[in-house]
Amino acid sequence: MANTMNAKYGLKRVINASGRMSILGVSAPTDTVMEAMKSGGQNYVEISDLVDKAGEHIAGLLQSEAAVVVNSASSGIALSVAAVVTEGNRRKSEKLHQEAISKNEIVMLKGQNVQYGAPVETMVALGGGKLVEAGYANEGKKEHIADAINENTAAVLFVKSHHAVQKNMISVEEAREVAQENNVPLIVDAAAEEDLKKYVQLSDLAIYSGSKAIEGPTSGIVAGKKDYVEWVKKQLHYIGRSMKIGKENTFGLLQALDEYFVKIDHSEAEKRSLEVLESLNTFKGVTVTVVQDEAGRAIFRARIQIDSEAAGITAKEVNDKLRNGEIAIYTRDYGIRQGFFDIDPRPLQGDDIHIIESELKSILGGNR
């Protein structure tokens, strides 16, 4: 069906070997999630009632005091920042970017001010916050955060992500300690994290993507302490109006969450599926190994390391050929300048892994 729709609109077939990436539509929801979206989209509901009831249901699943559905994890950052900056005040919310608010500083470790498809700092600014970086690109300590906190601090923002620097950075638990010691709220961006219950216990507001680990439609969740979530919900009538989520996606997210908490762990099977690519080790300058996710999640990927001198081609050239072929194959290419790219098995469907193997062999040619 997907290939039929792609052909109808002149779109290339895509093999997603990069992971839950926004540039490729993030994830492919199950039939039951799509059915929930269809049913929700074709029926009317009082949106305010849906916001409350969906939030209550999600809070129960996540074991948090409260929750609210938003349209993405990105908007979750902006709305959470707007919430703590305005403290739910109506006029401050209405005049968010028109009248100055002195208590608007958001403290974040420098190594976590990342570009994930948009800069984190852009979302902070969109929410009316003034970003204050603490620490260094290769070091983030509790005292760095503590020293940056003052009477104008609205919150500490901690980004739990593979995009962020992992080396010499404090844990989210330590960030929680320093926020509590200084009596400021902690916002945790845990967009792609799989442990949905953990971060609501360690923060005042935790942000998740509904379409990454949860594999729902385009959506997001902000969950945490009741008072802070209420402040976020206030923003839905102000800055959040431009970020509203449709009823169909809300119902799809609810279904995906229900399925998520009974989901079977497929990580070992996914790991074994990568064995197909070991045949590439017969090519000169090519080494295939299995690596675990940088952030410590139970995600395994095949790393294709290319010695350009021995192989006669660079990792970037191989990656470009994969992406620009008749079938566009997208790898996880963060290490391309270090001579490698990864194959993430989670989004692969049907014969995708064999097509990847075949295309790589064709690109590498006679370098055996």
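Which residue is most open to solvent (accessible area, probe 1.4 Å), if the candidates are limited to segment 146-172 and must be touching a Lys or Arg at 6+ places or on another chain (Cβ under 8 Å) and more than 17 Å from Val114 (Cβ to Cβ)? Among those residues, the one meeting the criterion is Glu151. In the condition set (1) surrounded by fewer than 17 Cβ atoms within 10 Å (Cβ to Cβ); (2) closer than 30 Å to Gly252 by Cα, Ala66 is compliant with all but (1). In segment 306-328, the residues that are closer than 15 Å to Ile355 by Cβ and assigned to a loop (DSSP other than H, G, I, E, B) reach residues that are modelled with pLDDT of 90 or more and open to solvent by less than 70 Å² (accessible area, probe 1.4 Å) with C-beta atoms within less than 8 angstrom, at least six apart or across chains, in these pairs: Ile327/Ile355.
Just checking, how many residues over segment 77-91 are in contact (Cβ under 8 Å) with a residue 24 or more places away in the chain and surrounded by fewer than 19 Cβ atoms within 10 Å (Cβ to Cβ)?
Residues of segment 77-91 in contact (Cβ under 8 Å) with a residue 24 or more places away in the chain: 77-88, 90.
Pick out the ones that are also surrounded by fewer than 19 Cβ atoms within 10 Å (Cβ to Cβ) and you get 87-88, 90.
Total satisfying the criteria: 3.
Evaluating Leu280 against the criteria (1) among the aliphatic types (A, V, I, L, M); (2) within 18 Å of Tyr208 (Cβ to Cβ); (3) in contact with a Ser or Thr (Cβ under 9 Å, 6 or more places away or on another chain) leaves one unmet condition, (2).
Looking only at segment 262-290, which residues are exposed (fewer than 12 other Cβ atoms within 10 Å of the Cβ) and part of a loop (DSSP other than H, G, I, E, B)? Of everything in segment 262-290, those that are exposed (fewer than 12 other Cβ atoms within 10 Å of the Cβ) and part of a loop (DSSP other than H, G, I, E, B) turn out to be Val262, Ile264, Asp265. For Asn43, the conditions (1) under 30 Å from Val114 (Cα atoms); (2) assigned to a loop (DSSP other than H, G, I, E, B); (3) not β-branched (Val, Ile, Thr) all hold with the exception of (1). Consider Arg301 carefully, then state whether it is charged (D, E, K, R), in contact with a strand residue (DSSP E or B) (Cβ under 9 Å, 6 or more places away or on another chain) and open to solvent by less than 70 Å² (accessible area, probe 1.4 Å). Considered against the rule, which asks whether it is charged (D, E, K, R), in contact with a strand residue (DSSP E or B) (Cβ under 9 Å, 6 or more places away or on another chain) and open to solvent by less than 70 Å² (accessible area, probe 1.4 Å), Arg301 comes out as yes.
Kindly indicate whether any position in segment 126-145 is in a helix (DSSP H, G or I), open to solvent by less than 20 Å² (accessible area, probe 1.4 Å) and of a type outside the set (Val, Ile, Thr). Break it down stepwise before answering.
Step one: list which residues in segment 126-145 are in a helix (DSSP H, G or I), which gives 126, 142-145.
Those left that are additionally open to solvent by less than 20 Å² (accessible area, probe 1.4 Å): 145.
Now restrict to residues that are of a type outside the set (Val, Ile, Thr): none.
So far as segment 126-145 goes, no, none of its residues is in a helix (DSSP H, G or I), open to solvent by less than 20 Å² (accessible area, probe 1.4 Å) and of a type outside the set (Val, Ile, Thr).
Quick check, is Tyr9 open to solvent by 60 Å² or more (accessible area, probe 1.4 Å) and at pLDDT 85 or above? Please lay out each step first, then the result.
On the way: open to solvent by 60 Å² or more (accessible area, probe 1.4 Å): yes; at pLDDT 85 or above: no.
No; evaluated as a whole, the condition is false for this residue.
Of the residues making up segment 237-261, those that are assigned to a loop (DSSP other than H, G, I, E, B) and under 21 Å from the mean Cα position of the chain (by Cα) are Lys244, Ile245, Gly246, Phe261. When residues of segment 14-54 are filtered for being at pLDDT 80 or above, open to solvent by less than 70 Å² (accessible area, probe 1.4 Å) and of a type outside the set (S, T, N, Q), how many remain? Here the count works out to 15. When Asn182 is tested against (1) of a type in the set (S, T, N, Q); (2) touching a helix residue (DSSP H, G or I) at 6+ places or on another chain (Cβ under 7 Å); (3) open to solvent by 20 Å² or more (accessible area, probe 1.4 Å); (4) within 20 Å of Val232 (Cα to Cα), exactly one condition is not met: (4). Pick from Ser308, Ser209, Ser242, Ser203: which is under 30 Å from Arg90 (Cα atoms) and open to solvent by 50 Å² or more (accessible area, probe 1.4 Å)? None of the other options fit; the residue is Ser242.
Residue pairs whose Cβ atoms lie under 9 Å apart, sitting 6 or more positions apart in sequence or on different chains, and linking a residue in segment 228-245 that is farther than 17 Å from Ala67 by Cα to a partner that is open to solvent by 40 Å² or more (accessible area, probe 1.4 Å), are Tyr238/Arg90; Tyr238/Glu94; Ile239/His97; Ile239/Leu126.
The values are calculated or read from the model by the stated rules, or taken from the named source; none is laboratory data. Treat the numbers as computed from the prediction; the structure is a model and nothing was measured. Every residue, glycine among them, receives a Cβ derived from its backbone with ideal geometry; neighbour counts consider all protein chains shown. When the accessible area is computed, the model is the full protein with side chains, heavy atoms only, and any ligands, DNA or RNA have been set aside. Shrake-Rupley method; radii C 1.70, N 1.55, O 1.52, S 1.80 Å.
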